[in-house]
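S.K.: Below you will find the structure I want to go over with you.
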Amino acid sequence: MTHDHDLVLRPTPAQTEAALNPPPGRNGGDLVVETLAGLGATTVFGLPGQHALGMFDALRRSDLRYIGLRVENNAGFAADAYGRITGEAAPLLLSTGPGALTSLAALQEAAAASAPVLAISSQVPTAGLGGGRHGYLHELPDQAASFRGVVKSVHTVRTQSQIPSAIEAAWKSALSAPHGPVWVEIPQDVLLAGTAIPVVTGGDAFPEELPPRPELTAVAADLLSKAARPAIIAGGGVVRADASKKLRQLAETLQAPVVTTPGGKGAFPWTHPLSLQSWMEDRHTTDFLEDADVLLVVGSGLGELSSNYHTFKPRGRVVQIEADLGKLESNHPALGIHADARLALQALLETVSERQDPTAPERVRALLAKVAERIAAQELTLEQEVLASVRRALPADSPSFWDMTILAYWAWSAFDAKGPNHMHSAQGAGGLGYAFPAALGAAVADPTRPVLAVSGDGGALYSIAELATARQYGLNVTWLIVDDGGYGILREYMTDAFGEATATELTRPDYVALAESFGVPGVRTTPENLEQDLAKQLASPGPSVVLLPAVLRMFAPTHLD
């Protein structure tokens, strides 16, 4: 009997000839870029640095497209978005020490949001590995230690022959459920040394699958089929697994209302009769979910933002499908199913019984009416009109990227993403500066659609240098900057908590003039003209900035009641 793992692919005559006679002038860096190309990569992000020059020199001998950003953290955000949009592992090339460490916040966001990023960093020369303290430039006693608590896996290379296998292992790790960032580091001398190793011509790019245990899905299907008031929470795992259609089919079969978390935006149609939309930060929604006798949680750990700040206390049975083993039952006891959302939902579809529940759509309408009434009582017309203007101006199939700013906090609850994988924010790790560089990465991934970035003035200052990147590559990103003169949400938090705000006010530039100094068109708008001005810039090729001077307020929290 022949097993699949016994099969050996024989090289073609052309591959044999190439292996026996590799082209001259190659170095360790060529093995990096050849392996990436062999795995299917077409684009890499990053910044050069002294120890990494072997990799960057090799780029000119490859067909890989290089997108260089101005700050390593922003390059990481761009790679994060590229990975989210394409579903591919996004290579991120970095240098040692400060360059590597500057990417940490972006890698934390990728880890929290399950974005597949393949970070490849240089290291000090091999003699400096192991904490020998030789005084090399950028030297750290243990560079990889800074990343082990952030990324999925760490791979340290010590010889050129290890490069293809290490990168392939990292690639599979990044793309195995749950997706996430991985770290590869290669010493400077290994990258620079000439190599006689044959050209890397391919690789096993197929990640491991994570199917559910059938005895668990059988119990889950029985619980859901017999439930009187089932409900579903859909998280980012549904989006990452491309499982939105299966989610809709299951919800309709069970007549189960669905709410999406901030990370799961677009996983379920906004206007569907069973859609509870995304009002996770709302007591009415929390009460509705607590009343479910069987609650199916798909692709969410029920963390702070997905549980109304941990005030959610389910009274019924919880079934949790989660690819990240550490998140399974981490907040609530449940029938925990460690699996990819797509495979688990398919297993449920094959085993659940159809339910009839004519009251479900009416209960959904009643809940949404309560939410609307609560918001209407707070006189937040400006905020709702600004968000509605953004929605009308943005084409339905265009992705949007949101920084940690008040308008984004509104969008988590009130913005119709118009589809899965369309709305992305930094809500995973919660760092500033995500929106614009991430939008650049999305525009690289798909240049056929305009991309929207939304920042406050505080977050915009984190990534203002990337206007140069946007101009250099002519990327189709329109950047909406809501300028309220400071860290607006922190101003609100501090005023509410302490009576006044400290360290929240900012001196800021003239963003329109600043954009134009980079060769990027800029326009100053008003809430009344926002829709028209934003739509015009989105329809124009290349980058642009739309500045909206406005002080927005948050709706009242219900987790403090």
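S.K.: Could you tell me the center-to-center distance, by alpha carbons, between the stretch 299-342 and the stretch 206-225 in angstrom?
M.R.: Computed from Cα coordinates, the inter-centre distance equals 15 Å.
S.K.: Another one. Scan the stretch 191-281 for GluC sites (Glu not before Pro) in coil per DSSP, keeping those whose Cβ has at most 14 other Cβ atoms within 10 Å, and list them by number. Spell out each step's value before the answer.
M.R.: Details: sites: Glu208, Glu209, Glu215, Glu252, Glu281; in loops: Glu208, Glu209, Glu281.
For GluC sites (Glu not before Pro) across the stretch 191-281 that sit outside H, G, I, E and B with at most 14 neighbouring Cβ atoms in 10 Å, the list reads Glu208, Glu209.
S.K.: Just by accessible area at a 1.4 angstrom probe, what is the order of Thr271, Thr195, Thr381 from largest to smallest? Present the calculation step by step, with values, prior to reporting the outcome.
M.R.: Details: Thr271 120, Thr195 20, Thr381 80 Å².
Order by accessible area, largest first: Thr271, Thr381, Thr195.
S.K.: So what are the radius of gyration and Dmax for the Cα set of the stretch 464-542, in Å?
M.R.: Reported Rg and Dmax, both Å: 15.7, 46.
S.K.: Roughly how tilted is helix 435-445, in degrees to the nearest 10 and between 0 and 90, from the longest Cα axis of the chain?
M.R.: So the inclination is approximately 60 degrees.
S.K.: Can you pull the accessible area of Arg524 for me, 1.4 Å probe, Å² to the nearest 10?
M.R.: Per-residue accessible area (Arg524): approximately 130 Å².
S.K.: I would also like to ask the following. Taking amide H positions as placed in the peptide plane 1.01 Å from N, state which residues far from Leu335 in sequence (5 or more) or on other chains have amide H under 5 Å from it.
M.R.: The answer is Val318, Val319, Gln320.
S.K.: Something else now. In whole percent, and with a 1.4 Å probe on the protein chains, what portion of the accessible area of the chain is carbon and sulfur? Kindly include the intermediate steps, with their values, before the conclusion.
M.R.: Numbers: 11920 of 22430 Å².
Summing carbon and sulfur atoms, their accessible area is 53 percent of the total for the chain.
S.K.: Next question, about the same structure. What's the local net charge at Leu107, with K and R +1, D and E -1, over the other residues with C-beta under 12 Å away? It would help to have the intermediate numbers written out before the result.
M.R.: Working: positive: Arg148, Lys152; negative: Glu72, Asp80, Glu109.
Result for the neighbourhood of Leu107: -1.
S.K.: Could I ask something else about it? Strictly over 20 Å apart at the Cα level, which of Lys313/Lys418; Lys246/Lys418; Lys245/Lys313; Lys152/Lys418 would you flag in this model? Show your work: numbers first, answer last.
M.R.: Values: Lys313/Lys418 30 Å; Lys246/Lys418 17 Å; Lys245/Lys313 29 Å; Lys152/Lys418 31 Å.
Correct reply: Lys313/Lys418; Lys245/Lys313; Lys152/Lys418.
S.K.: Mind checking which of Gly485, Ser413, Ala439 is farthest towards the positive end of the chain's charge dipole, using Cβ charges of +1 (Lys, Arg) and -1 (Asp, Glu) about the Cα centre?
M.R.: The residue sitting most towards the positive pole is Ala439.
S.K.: Can you tell me the 0 to 90 degree angle between the C-alpha axis of helix 214-226 and the longest principal axis of the chain, rounded to 10?
M.R.: Relative to the chain, helix 214-226 is tipped by roughly 20 degrees.
S.K.: Something else now. Mind grabbing the accessible area of Tyr82 for me, 1.4 Å probe, Å², rounded to tens?
M.R.: 10 Å²
S.K.: Filter the GluC sites (Glu not before Pro) in the stretch 347-447 down to the DSSP loop ones having no more than 10 other Cβ atoms within 10 Å, then list what survives. Write down the numbers at each step before the final one.
M.R.: Numbers: sites: Glu350, Glu354, Glu362, Glu373, Glu379, Glu383, Glu385; in loops: Glu350, Glu354, Glu379.
In loop regions of the stretch 347-447 (DSSP not H, G, I, E or B), the sparsely surrounded GluC sites (Glu not before Pro) are Glu350, Glu354, Glu379.
S.K.: For the chain, find the longest principal axis of its Cα atoms and tell me its angle to the long axis of helix 360-376, 0 to 90°, nearest 10.
M.R.: So the helix axis and the longest Cα principal axis differ by about 90 degrees.
S.K.: Roughly how many debye, to the nearest 20, is the charge dipole of the chain about its Cα centre, given +1 on each Lys and Arg Cβ, -1 on each Asp and Glu Cβ, and no other charges? Write out the running numbers ahead of the final one.
M.R.: On the way: 41 positive and 60 negative charges, 103 e Å.
Here the chain has a charge dipole of around 500 debye.
S.K.: Whole number in Å², please: accessible area per residue of the chain, 1.4 Å probe, ligands, DNA and RNA not counted. Mind showing how you got there, number by number?
M.R.: On the way: 22430 Å² over 561 residues.
It amounts to 40 Å² per residue over the chain.
S.K.: Tell me the label-point distance for the pair Ala193, Asp496, using the 7 Å Cα-to-Cβ offset, in nm and rounded to one decimal.
M.R.: Modelled inter-label distance: 5.9 nm.
S.K.: Oh, and also: Going by Cα centres, the stretch 472-491 and the stretch 114-160 are how many Å apart?
M.R.: 33 Å
S.K.: Round to the nearest 10 and report in Å² the accessible area of Thr156, as given by a 1.4 Å probe over the protein chains' heavy atoms.
M.R.: 60 Å²
S.K.: Let me ask something else. Would you kindly derive the ³J(HN,Hα) couplings of the stretch 534-547 from the backbone phi angles with the Karplus curve 6.51 cos²θ - 1.76 cosθ + 1.60 (θ = phi - 60°), listing them in order in whole Hz, with x for Gly and Pro?
M.R.: Residue by residue, the stretch 534-547 yields 5, 4, 5, 5, 5, 7, 9, x, x, x, 7, 10, 10, 9 Hz.
S.K.: Give me the aspartates and glutamates in straight-line cross-link reach of Lys172: C-alpha distance below 14 Å, same-chain residues under 8 apart excluded.
M.R.: List returned: Glu88, Asp204, Glu208, Glu209.
S.K.: Could you tell me what a quarter of the Cα convex hull surface of the stretch 232-285 works out to, in nm² with one decimal place?
M.R.: 3.3 nm²
S.K.: Check the straight Cα-Cα distances from Lys370 and name the aspartates and glutamates below 15 Å, setting aside those fewer than 8 residues away within the same chain.
M.R.: Answer for Lys370, where 15 Å is the Cα cut-off: Glu281, Asp282, Asp287, Glu362, listed by chain and number.
S.K.: Compute the length gained on full extension between Ala145 and Val551: take 0.36 nm times their separation in residues and subtract their Cα-Cα distance, giving the result in nm to one decimal. The partial results should precede the final answer.
M.R.: Details: separation 406, 0.36 × 406 = 146.16 nm, distance 4.19 nm.
Taking Ala145 through Val551 to full extension adds about 142.0 nm, to one decimal.
The values are calculated or read from the model by the stated rules, or taken from the named source; none is laboratory data. Small disclaimer: the values here were computed from a predicted structure and weren't measured. Note: ideal-geometry Cβ built from the backbone for every residue, glycine included; neighbour counts use all protein chains shown. Each accessible area value is taken on the protein alone, full model and side chains, heavy atoms only, with ligands, DNA and RNA left out. Shrake-Rupley method; radii C 1.70, N 1.55, O 1.52, S 1.80 Å.
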